[in-house]
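In what follows, a single structure is set out as structure tokens and then discussed.
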Amino acid sequence: MIQPLLQVQNLSIDFIAEGKSTNAVKNISFSIAAGEILAIVGESGSGKSVTALSLMQLLTPQASIKGQIIFANKENAPIDLLSISAKEINAIRGKDMAVIFQEPMTSLNPVFTCGDQVIEAIQLHQHISSKAAEKKAIALFEKVNLPKPAEMINRYPHQLSGGQKQRVMIAMAMSCTPSLLIADEPTTALDVTVQKTILQLIKELQQQTGMGVIFITHDLGLVADIADKVLVMHKGEIIEQGNTKDVLQNPQQPYTKALLACRPTMRKHGERLPVVSDFFNAVPTTGGSNLSNFSFKEVPLKKDDSLQILDEKLPENNQQQLALKLNHLKVYYPGRKFLFRNTPEPFKAVDDVSFTVNRGETVGLVGESGCGKTTLGRAILQLIPSTSGDIILDGINLAALPKKQIRPLRKELQIVFQDPYGSLNPRLMIGNAIMEPMKVHGILNNTKKRKEKVVEFLEKVNLSADHFTRYPHQFSGGQRQRICIARALVLNPSFLIFDESVSALDVSVQAQVLNLLNDLKKEFGFTSIFISHDLAVVRYISDRILVMNKGTIVEEGTAEEVYFSPKNEYTKKLIDAIPGKSLLF
């Protein structure tokens, strides 16, 4: 019998803090063979990343680990990773087992060049000269398709795009040709086109070297494109595993079905998205908290016609009421001298863009990172100055107003950013964070009334009055995004911009937030621009879609027209890059 590359047996992980124990992983077992790609799928908090970190003994000292992790290294000598010394595990890390983390910017040292960091990893395990290590680093950069590899080794992380930084991390992980590669959410929040190339790269390297790969993600769509086997985790337990095609086309567990159904890819425009709770009710059949002690009963989805607001046409008298009109808007940045190149010509972030948004309409703005969509959104709100052109909102040309006259209009103009944690003051209770803009704009005349208003809006975004006194770190990513939405809506603005506000969320949390936006749009009737790199999400939430590339609008039309009958080649490329289309749908 062939020895598996990795065998995890009865693995349990507890975290002990302030005398309390939290059971993060509960007695799980699985294996992976050489040349195989195993995907571990689940929501945030399911235990998938904790499991991966335990394989390389990267957990904090507060973690208590039980079970066995049997690894057969390149000499095919099985070893229990939980029973070896720190010196022995250090010799395995990077050489026989390597990891690619989710966020390359925090994984790379900002004060060292990308080349130096890869060279360091090579020399640590291979004991070759600096010149030979540099030559190998350049070859690795070429292998992962980085442009001008000889120049890239001298660049710092901040000089590279997100996709390029992730390629540097892949080069570093592959520098010693490991037997096992762990990829922990390596493409989350990347453009769909960049995401596709990174997945293809990992697959190609795996086929070339014969290594085993553990690919961690919350998106079952990605799994369809890369994995041989799937393992689904929920609350620290494995609830389903098997061949990728079998699991995705014929899932047995309600939770797996829920993760698939939450994706908006083929849901009708504006149709209410199902969430995890729609698919099962957990009813204890015996004592204990083990998932195996619960009976799962599927419940039918209820269609609420009152929430299908985006399928309804605007009243005839509202269709011609313009909320926003852009005329030949330009945002240029002056040329600058860079380390490797001079740019005397201005950089055209937004180049002669014109379009309109009707009152009560949601317009989707889609494109890859660097196409100018976020710059365009911020220019509309006058958070950054425009070079020329008109921004006419409710008959007022914002581009022609001095800053002092724009400030009073901020009440009507709000934005929800991509990163809710970075948008909230960590030292401010979330109730006060929501109340702060009310004070600035003089909404209500005393603190008591403002607190009542804040509680009202917390409840509107499915939180409670008890959350008022909590701090941002005490909430999940989805909850923090709801807080930011409440803060934007508490002023009752007429115009909102959602800037990649769901791109980094779990698919189930994303479904909850998209449903919430539809509900709130019905109640408040706001006009909005929804910015994203994901055409599937944009099609679902928007009435019309604008496709942006290199600072210009290359295609526009209704959501269904652009998504199902694209005319521009760039739009077709974005749609083709949506993960998992061929297998799932």
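The values are calculated or read from the model by the stated rules, or taken from the named source; none is laboratory data. Computed from a predicted structure; not experimentally measured. FYI the Cβ positions are ideal-geometry reconstructions off the backbone, even for glycines, and counts take in every protein chain you see. Ligands, DNA and RNA are stripped out before the accessible areas are found, and what is left, the full protein with its side chains, is counted by its heavy atoms. Shrake-Rupley method; radii C 1.70, N 1.55, O 1.52, S 1.80 Å.
Can you name the residue in the stretch 94-105 that is over 18 Å from Met211 (Cβ atoms) and not in a loop (DSSP other than H, G, I, E, B) and is also least open to solvent (accessible area, probe 1.4 Å) among such residues? Reasoning before the result, please.
Pass one, the stretch 94-105, residues over 18 Å from Met211 (Cβ atoms): 102-105.
In the following step, the residues that additionally are not in a loop (DSSP other than H, G, I, E, B) were identified as 104-105.
Details: Pro104: 9, Met105: 67 Å².
Among those residues, the one meeting the criterion is Pro104.
Gln207 falls short on exactly one of the conditions (1) within 29 Å of Ile89 (Cα to Cα); (2) more than 24 Å from the chain's Cα centre (by Cα); (3) open to solvent by less than 20 Å² (accessible area, probe 1.4 Å), and that condition is (3). Going by the conditions given, is Thr22 assigned to a strand (DSSP E or B) and modelled with pLDDT under 90? Yes, satisfied.
Which residue, of Val223, Val192, is within 25 Å of Leu535 (Cβ to Cβ) and modelled with pLDDT of 85 or more? Of Val223, Val192, the one residue that is within 25 Å of Leu535 (Cβ to Cβ) and modelled with pLDDT of 85 or more is Val223.
Would it be correct to say that Ser542 is under 22 Å from the mean Cα position of the chain (by Cα), surrounded by 24 or more Cβ atoms within 10 Å (Cβ to Cβ) and of a type outside the set (A, V, I, L, M, F, W, C)? When the stated conditions are applied, Ser542 passes them. Taken over the stretch 1-35, the residue count meeting the criterion of being under 19 Å from Asp184 (Cα atoms) and open to solvent by less than 40 Å² (accessible area, probe 1.4 Å) is 11. Residues that are open to solvent by 30 Å² or more (accessible area, probe 1.4 Å) and either among the polar types (S, T, N, Q) or modelled with pLDDT of 90 or more (or both) within the stretch 472-486 comprise Gln474, Ser476, Gln479, listed in sequence order. Screening Leu383, Leu413 for residues that are under 30 Å from Gln474 (Cα atoms), open to solvent by 60 Å² or more (accessible area, probe 1.4 Å) and of a type outside the set (Phe, Trp, Tyr) leaves exactly one candidate, Leu383. Would a scan of the stretch 436-448 turn up a residue that is in contact (Cβ under 8 Å) with a residue 12 or more places away in the chain, under 25 Å from the mean Cα position of the chain (by Cα), more than 24 Å from Asn518 (Cα to Cα) and not in a helix (DSSP H, G or I)? No, that holds for no residue. Within the stretch 489-518, the set of residues being of a type outside the set (S, T, N, Q), touching a helix residue (DSSP H, G or I) at 6+ places or on another chain (Cβ under 7 Å) and assigned to a helix (DSSP H, G or I) comprises Leu489, Val507, Val509, Val513, Leu514, Leu516, Leu517.
To keep it simple, each residue is scored yes or no on (1) touching a strand residue (DSSP E or B) at 6+ places or on another chain (Cβ under 9 Å); (2) in a strand (DSSP E or B); (3) of a type outside the set (Asp, Glu).
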site	(1), (2), (3)
Gly389	yes, yes, yes
Leu409	yes, no, yes
Ile434	no, no, yes
Arg450	no, no, yes
Asn462	no, no, yes
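Please verify whether the stretch 120-132 includes one or more residues that are farther than 21 Å from Thr177 by Cα and either in a helix (DSSP H, G or I) or open to solvent by less than 70 Å² (accessible area, probe 1.4 Å) (or both). Break it down into steps so the answer makes sense when it comes.
Restricting attention to the stretch 120-132, the residues satisfying the condition of being farther than 21 Å from Thr177 by Cα are none.
No, the stretch 120-132 contains no residue that is farther than 21 Å from Thr177 by Cα and either in a helix (DSSP H, G or I) or open to solvent by less than 70 Å² (accessible area, probe 1.4 Å) (or both).
Is there a residue in the stretch 106-113 that is in a helix (DSSP H, G or I) and either open to solvent by 60 Å² or more (accessible area, probe 1.4 Å) or touching a residue at least 24 places away in the same chain (Cβ under 8 Å) (or both)? Within the stretch 106-113 (the criterion being in a helix (DSSP H, G or I) and either open to solvent by 60 Å² or more (accessible area, probe 1.4 Å) or touching a residue at least 24 places away in the same chain (Cβ under 8 Å) (or both)), the answer is yes, since at least one residue qualifies. When the residues of the stretch 434-471 are filtered to those that are of a type outside the set (A, V, I, L, M) and in contact with a Pro (Cβ under 9 Å, 6 or more places away or on another chain), the one that is least open to solvent (accessible area, probe 1.4 Å) is His441. Scanning the stretch 66-93 for residues that are in contact with a strand residue (DSSP E or B) (Cβ under 7 Å, 6 or more places away or on another chain), surrounded by fewer than 20 Cβ atoms within 10 Å (Cβ to Cβ) and free of Cβ contacts under 8 Å to residues at least 40 places away in the same chain returns Ile79, Asp80, Leu82.
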